[in-house]
Amino acid sequence: MRLLVSTELFVLALLSNRVVEASALLVTVLLLATIAKSLRRIGRTMVFSAVFALIIFVLNFLVFRLGLVEAVLYGLRFLAIISSTSVFFVTTSPDELEQIMRWTRFPRDVVFAFVTAVRFIPVVMLDAFQIMDAQKSRGLEFEQGSILERVRNFVPILIPLVVNSVIRSGELAEAMDSRAYGSTPHPTSLYVMSLKWFDVAVTACSVVLFILAALYIYHLQLKV
């Protein structure tokens, strides 16, 4: 259900051609985040994406010489696209994501690799921050010099980060061997997701609203 709603918002964000439509999508995302009690996490994503949206606005307005309304539209559309995709990933745990991919009959190895990568993203980020703090304590500067010098200064961070990732992948492979991964072709799961009447009702309402919104946007495009 969450994946379907997020996909519908993503498609509507791509179809939006007016500032009002993109703004309405952003308000819808905020309302859904409030209902899901994930407003703070969605807000952080939107604040981070607002920097890139501002860059898109400046490039379209000053470099490509587009109108003010069109430049604002492109910035809001980018923000709506990012926030609509974040609705699913912020409100869905890796375990639920694994259940969804299994339900869609993805190969087991693909599901395991994807879910493991999602789980390891926070771990790798934490390692990167720790390595940066350790290198700063040794006198390495990241915010001084030219762009090439700053990029070169990240080499002492990337090398330990890659080494840590390789070591962790070896430990993961040993853990998988010790648990006899692959010995059972169709393993069972402790938790199985199932659709309830509320999920079906929300899915049906979202599909109806998506069709009406898409027809409304298409009707406005025909008028233009």
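Subtracting the Cα-Cα distance of residue 149 and residue 199 from their residue separation scaled by 0.36 nm leaves 12.7 nm. With the highest mean first, a sort of the peptides 82-90, 65-73 on other beta-carbon atoms found within 10 angstrom per residue produces 82-90, 65-73.
Annotation for residue 68 and residue 44: the two label points, set 7 Å from Cα along the Cα-Cβ direction, are 3.5 nm apart. For the pair residue 214 and residue 117, a Förster radius of 25 Å applied to the C-beta separation gives a FRET efficiency near 0.15, rounded to the nearest 0.05.
Give me the extension gain from residue 105 to residue 126: residue separation times 0.36 nm, minus the current Cα-Cα distance, reported in nm with one decimal. Could the numbers behind the result be given before it?
Details: separation 21, 0.36 × 21 = 7.56 nm, distance 3.26 nm.
Extending this stretch completely gives an extra 4.3 nm.
Extension gain for the segment residue 181 to residue 222, taken as residue separation times 0.36 nm less the Cα-Cα distance, is 9.2 nm to one decimal.
Highest mean packing first, where packing is the average number of other Cβ atoms within 10 Å per residue, the peptides 167-178, 10-21 line up as 10-21, 167-178.
Read-outs: derived from the displayed coordinates by stated rules, not from any lab. As the structure is a prediction and not an experimental result, all values here were calculated from the model. Cβ atoms come from the backbone with ideal geometry, glycine included; neighbour counts cover every protein chain shown.
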